[in-house]
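Below you'll find the structure, written out as structure tokens, and then a few comments.
The values are calculated or read from the model by the stated rules, or taken from the named source; none is laboratory data. None of these values were measured; they are calculated from a predicted model. Methodologically, a virtual Cβ is constructed for each residue, glycine included, from the backbone with ideal geometry; neighbour enumeration extends over all protein chains shown. Keep in mind that these areas ignore ligands, DNA and RNA; they rest on the heavy atoms of the full protein, side chains included. Shrake-Rupley method; radii C 1.70, N 1.55, O 1.52, S 1.80 Å.
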There are 2 protein chains.
Amino acid sequence: MGIDGQKPLLPLLLLVIATVAVFPASSRSPPSQPAATLPSFRRAPLFPGKRSHPIKVQQRQQYNYQTRYFLQDLDHFSFADLPKFRQRYLINTEHWIGPERRGPIFLYCGNEGDIEWFAVNTGFVWEIAPRFGAMILFPEVPRHRYYGESMPYGSQEEAYKNATTLAYLTAEQAVADYAVLITDLKRNLSAENCPVVLFGGSYGGMLAAWMRLKYPHLTVGALASSAPILQFENIVPPDTFYNIVSNDFKRESTSCFDTIKKSWGEVEAEGRKDNGLSLLTKTFHFCRELKSTGDLIDWLESAYSYLAMVDYPYPSSFMMPLPGHPIREVCRKIDDSPEGSSVLERIFAGVSIYYNYTGTASCFELDDDPHGLDGWNWQACTEMVMPMSSDKETSMFPPYDFHYSDYEQDCWRTFSVLPRPRWVTTEFGGHDIRTALRTFGSNMIFSNGLLDPWSGGSVLQNVSDTITALVTEEGAHHIDLRPSTPGDPDWLIQQRATEIKLIRGWIDDYSRAKHQKSTFNM
Amino acid sequence: MGIDGQKPLLPLLLLVIATVAVFPASSRSPPSQPAATLPSFRRAPLFPGKRSHPIKVQQRQQYNYQTRYFLQDLDHFSFADLPKFRQRYLINTEHWIGPERRGPIFLYCGNEGDIEWFAVNTGFVWEIAPRFGAMILFPEVPRHRYYGESMPYGSQEEAYKNATTLAYLTAEQAVADYAVLITDLKRNLSAENCPVVLFGGSYGGMLAAWMRLKYPHLTVGALASSAPILQFENIVPPDTFYNIVSNDFKRESTSCFDTIKKSWGEVEAEGRKDNGLSLLTKTFHFCRELKSTGDLIDWLESAYSYLAMVDYPYPSSFMMPLPGHPIREVCRKIDDSPEGSSVLERIFAGVSIYYNYTGTASCFELDDDPHGLDGWNWQACTEMVMPMSSDKETSMFPPYDFHYSDYEQDCWRTFSVLPRPRWVTTEFGGHDIRTALRTFGSNMIFSNGLLDPWSGGSVLQNVSDTITALVTEEGAHHIDLRPSTPGDPDWLIQQRATEIKLIRGWIDDYSRAKHQKSTFNM
């Protein structure tokens, strides 16, 4: 990992760890992020959601929805003779005021995970729908095509078999799915005149923004929360992500930052000892013997990255059960370990806040196949090429320079596919985005919390009267979309109020235009 | 054809006849439009270009260009393991002022025919490029993918083999081809800051408009000439096209219109006689015996439809060598035939203006395979589902009601493919287009001549300050894009001047924004 020429893995953002909160480690220990042999590349970090929580009955009952299915074309942009697939979507119409009164339709653009998990973690949409008289749609919520139950080729096994069957797992196809679904649904309900508002967070936020740009005729606006649409090519510096994570730690405690920065060398030094991997296995309480120091480094990096994403001001269990301000707690453990504690003992105490906040895990398992044929890795190896580096000075992570050729080679090895690293910006734009958005975009909110490492790849300044950047200094990964809690700080309450006001404005403008049209028969 | 329950074919607009002008019928007679057995459907009428002229050396020398090739992905929207294909493009940089001075790039969006033919028939772009200091690009001009030399799978035979190989012949892929080509070319020339202006006529005009809507970040504006982007679903009445053709004849002469309207019954009556097909074969000078009256009706319909498209005020040979105001000449022949001429003799004298203006054809051949596996028929059977009817009262054609189920059946029979009749409007918009364009579009010109039957499916009213409809009462199919001639009427000169002014405005606005940006470092 950098230190000895090895390169760190991408933090598999939020996804990997998701499983853990559901099976709090006791007999089952939390899986973590592995790397038997460290690849010489970094795939795009994972967003939260890929390996998302199975929904507990209790959570499911919190929101009321029906599950339906819609038959989709696998490739909207060709007429090859391909099997269709059933797209799952959740629908709630209990507050919808119907087509005559142009009741809005709130469409959540699903992420790379189970839609039901995202539905219950997107309380904002559920909470505001009644006051808008809106229908709620979560099409194969947070996950789209190939995620959750919307599996082409009948089963996950078949769909993920190889590059041919995975071929159609792309953002353009996902957005086209939404376009076709919403068009069909509106026609069936005679709801052609009902305005559609898009919501999405993280990867889903990118889909919401892109759908607004590509299908403005089908939508009236988009709330794109924590959507790093600029994390491509050289639009933002490649060390942006890890610098933000690092600063999140530094702001809590410089010594915490220093200890973490120092720890990678300690891990390597320990690993070089005779019996070093055994020592590390013991220090970090792994259930099975470590195969390489890289596995451990990866496990630690993953924890720090996810912690930065979910550095919420109140206790949460989006990824793992965590206290409020979890980084503060991690750093407290690192800094306040008993006198004489080694660097690695401090680190273990710190990450235990993340991996074992409930205190029920007796040992930890590492994931076996982090680079296997899964959906997000496929996307990272095709369209979602997000260059990620770690700066020697400013980052607390092992230094690493992104090299596209290594990245490409690894993708070829894993999937027999070559990425198209410039395709996303060709298709959706990205370079000189302010000019582009100002010229042709409208009715978009880019909301970001600056603690979130993905915020650096998003839109952080107002672009025009109708394209608004809502930036909160203390916010983390799409916190605005989460259910409200009694512990919400004022800035969050204010942020959501602004969002509601802007969304109301989009709908009012739309209604006015429609009204004028019917009045003057334009 | 309507009269006895049979349905008329679609006029294979401009395409079929194109061959003829090149081989003025002597030993080779003009092919025409056939229908051994009349199918019970109408595919979208063909635009000019599909079977376009081979380029004569003389024409080719008129404009100066290099021919280059660019390797394209066959499916931009999936990562299936498909062969790449070489896209041909013509390029002229002799007047380009280069990247430092932000020299514009004029990109002609190719049609469904040979790019070289379109290049020489798009004199407007060549004529105005020097005054803009612009580069000219004709990527696989007028034809895109699968047309001309840009043939995937190595050969036309392979590419057109079946639905699997034809699958990627879609408008979205074509527009993505342009996006990828232009992005790559600009990067290679360090021309990222050079504004791209799109041009296109007919189907190419649709591509130009759609590209402007879908890739506004890559372009500064589009001149979409004679682009019937609203000829889908029920956006315009299905009898629009044939009503316009009919009115073109009626405005020249009511008796001409009446004679044509009466002729279909005469054809059927003659055909029912013993030896009727032989009599008709003789009357219409076919080289080989007619197989059905439908073939003849189709041949006539095709002539009328193309005549309406190329009803230019000066002599032209875009499709066929024709006099100026060709419909006027046709009607003169029909009306002024010698006393005692039968209806069918009059009709033959009339259409001879179209099929045999040079007078060198001694007999006429009918095409053998009008519904074969060709590109436009494929597109009509997948995305380009344009409902076409012929009204009993207002049209001079045999009455016909569009029935989608018949249409679908025929496509299944021909290509084993099911059309997606609602896809184009889902993908590109179409319903309530004024609101949509006003909200999110900018810098577009929709130019149309009202004699052109395709004008009814285009945008005929100004939409906003930056989306302009230029409508000329006496114009026909994308006449504005044609080379200027000494015979150009004032309205055409004026129309082109307005287009130049608007394009100049787009480029100036763009330069101002870029200048501000570099000055204030926005």
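From (1) assigned to a loop (DSSP other than H, G, I, E, B); (2) on the phi < 0 side of the Ramachandran plot, pick out the condition that doesn't hold for B:GLN87.
(1)
Do we have A:ASP177 as among the acidic types (Asp, Glu), buried (at least 24 other Cβ atoms within 10 Å of the Cβ) and touching a residue at least 60 places away in the same chain (Cβ under 8 Å) here? Give the derivation first.
Values: among the acidic types (Asp, Glu): yes; buried (at least 24 other Cβ atoms within 10 Å of the Cβ): yes; touching a residue at least 60 places away in the same chain (Cβ under 8 Å): yes.
Considered against the rule, which asks whether it is among the acidic types (Asp, Glu), buried (at least 24 other Cβ atoms within 10 Å of the Cβ) and touching a residue at least 60 places away in the same chain (Cβ under 8 Å), A:ASP177 comes out as yes.
Out of (1) assigned to a strand (DSSP E or B); (2) touching a helix residue (DSSP H, G or I) at 6+ places or on another chain (Cβ under 9 Å); (3) not small (Gly, Ala, Ser), what's the single condition that is false for A:ILE128?
Failed condition: (1).
With the structure loaded, tell me whether B:THR468 is at pLDDT 95 or above and either part of a strand (DSSP E or B) or of a type in the set (Phe, Trp, Tyr) (or both) or whether it fails that test.
Taking the combined requirement at face value, the residue satisfies it.
Might you let me know whether region B:258-271 holds any residue that is open to solvent by less than 50 Å² (accessible area, probe 1.4 Å) and under 26 Å from the mean Cα position of the chain (by Cα)?
yes
Among helices (runs of 4 or more DSSP H) lying entirely in region B:385-449, which contain 1 or more residues that are facing chain A (nearest Cβ under 8 Å), modelled with pLDDT of 95 or more and over 25 Å from B:TYR304 (Cβ atoms)?
B:423-428
Which residues, counting only those in region B:63-80, are open to solvent by 30 Å² or more (accessible area, probe 1.4 Å), touching a residue at least 40 places away in the same chain (Cβ under 8 Å) and within 13 Å of chain A (Cβ to nearest Cβ)?
The answer is B:ASP73, and nothing else.
Can you name every residue in region B:81-118 that is crowded, with 20+ Cβ neighbours inside 10 Å and within 14 Å of another protein chain (Cβ to nearest Cβ)?
B:PHE85
Give me the pairs, please: first residue somewhere in region A:393-408 and under 19 Å from A:VAL236 (Cα atoms), second residue anywhere and in a strand (DSSP E or B) and open to solvent by less than 70 Å² (accessible area, probe 1.4 Å), beta-carbon distance under 8 Å, and either six or more positions apart or on two chains.
Once the first residue is under 19 Å from A:VAL236 (Cα atoms) and sits in region A:393-408, its partners that are in a strand (DSSP E or B) and open to solvent by less than 70 Å² (accessible area, probe 1.4 Å) give A:PHE397/A:SER390; A:PRO399/A:SER390; A:TYR400/A:SER390.
Check A:SER455 against each of (1) at pLDDT 95 or above; (2) open to solvent by 10 Å² or more (accessible area, probe 1.4 Å); (3) more than 12 Å from chain B (Cβ to nearest Cβ); (4) not in a strand (DSSP E or B) and name the one condition it does not meet.
Unmet for A:SER455, out of (1) at pLDDT 95 or above; (2) open to solvent by 10 Å² or more (accessible area, probe 1.4 Å); (3) more than 12 Å from chain B (Cβ to nearest Cβ); (4) not in a strand (DSSP E or B): (2).
All but one of (1) within 20 Å of the chain's Cα centre (by Cα); (2) at positive phi; (3) among the polar types (S, T, N, Q) hold for B:ASN275; which doesn't?
(1)
Test each condition in (1) in a loop (DSSP other than H, G, I, E, B); (2) open to solvent by less than 10 Å² (accessible area, probe 1.4 Å) for B:GLY359 and report the one that comes out false.
(2)
If I go through region B:464-474 residue by residue, how many of them are in contact with a helix residue (DSSP H, G or I) (Cβ under 7 Å, 6 or more places away or on another chain) and either among the hydroxyl-bearing types (Ser, Thr, Tyr) or open to solvent by less than 10 Å² (accessible area, probe 1.4 Å) (or both)?
Start the filter on region B:464-474 by keeping residues that are in contact with a helix residue (DSSP H, G or I) (Cβ under 7 Å, 6 or more places away or on another chain), which leaves B:464, B:467-468, B:470, B:472, B:474.
Keeping just the survivors that are either among the hydroxyl-bearing types (Ser, Thr, Tyr) or open to solvent by less than 10 Å² (accessible area, probe 1.4 Å) (or both) gives B:464, B:467-468, B:472.
Matching residues across region B:464-474 total 4.
Which of the following residues is assigned to a helix (DSSP H, G or I) and either at pLDDT 90 or above or on the phi < 0 side of the Ramachandran plot (or both): B:LEU373, B:LEU344?
Exactly one residue qualifies, and that residue is B:LEU344.
Within region A:412-425, can you find the residues that are touching a Cys at 6+ places or on another chain (Cβ under 9 Å) and either open to solvent by 40 Å² or more (accessible area, probe 1.4 Å) or more than 29 Å from A:LEU213 (Cα to Cα) (or both)?
Within region A:412-425, A:TRP412, A:THR414, A:PHE415, A:LEU418 qualify.
Taking B:GLU252, is it within 27 Å of B:ASP298 (Cα to Cα), touching a residue at least 12 places away in the same chain (Cβ under 8 Å) and in contact with a Lys or Arg (Cβ under 8 Å, 6 or more places away or on another chain)?
Yes: the conditions hold for B:GLU252.
State which residue is most open to solvent (accessible area, probe 1.4 Å) when the search covers only region A:426-452 and only residues that are closer than 21 Å to A:HIS217 by Cβ and of a type outside the set (A, V, I, L, M, F, W, C).
Looking at residues that are closer than 21 Å to A:HIS217 by Cβ and of a type outside the set (A, V, I, L, M, F, W, C), I get A:ARG438.
Which members of region B:202-227 meet the condition of being among the small types (Gly, Ala, Ser) and modelled with pLDDT under 95?
So in region B:202-227, the residues among the small types (Gly, Ala, Ser) come out as B:202, B:204-205, B:208-209, B:221-222, B:224-227.
Correct list: B:SER202, B:GLY204.
When you scan region B:206-248, how many residues do you find that are within 14 Å of chain A (Cβ to nearest Cβ), closer than 19 Å to B:ILE479 by Cβ and open to solvent by 10 Å² or more (accessible area, probe 1.4 Å)? Steps first, answer last, please.
Quick first cut of region B:206-248, residues within 14 Å of chain A (Cβ to nearest Cβ) only: B:209-222, B:229-230, B:232-235.
Subsequent filtering for residues that are closer than 19 Å to B:ILE479 by Cβ retains B:209, B:222, B:229.
Subset that is open to solvent by 10 Å² or more (accessible area, probe 1.4 Å): none.
So the count comes out to 0.
Would you please name the residue that is modelled with the lowest pLDDT, looking only at residues in region A:480-522 that are open to solvent by 60 Å² or more (accessible area, probe 1.4 Å) and aromatic (Phe, Trp, Tyr)?
A:PHE520
Suppose we filter B:LEU198, B:LEU189 for residues that are more than 11 Å from every other protein chain (Cβ to nearest Cβ), at pLDDT 95 or above and open to solvent by 10 Å² or more (accessible area, probe 1.4 Å); which single one remains?
Unique residue meeting the criteria: B:LEU189.
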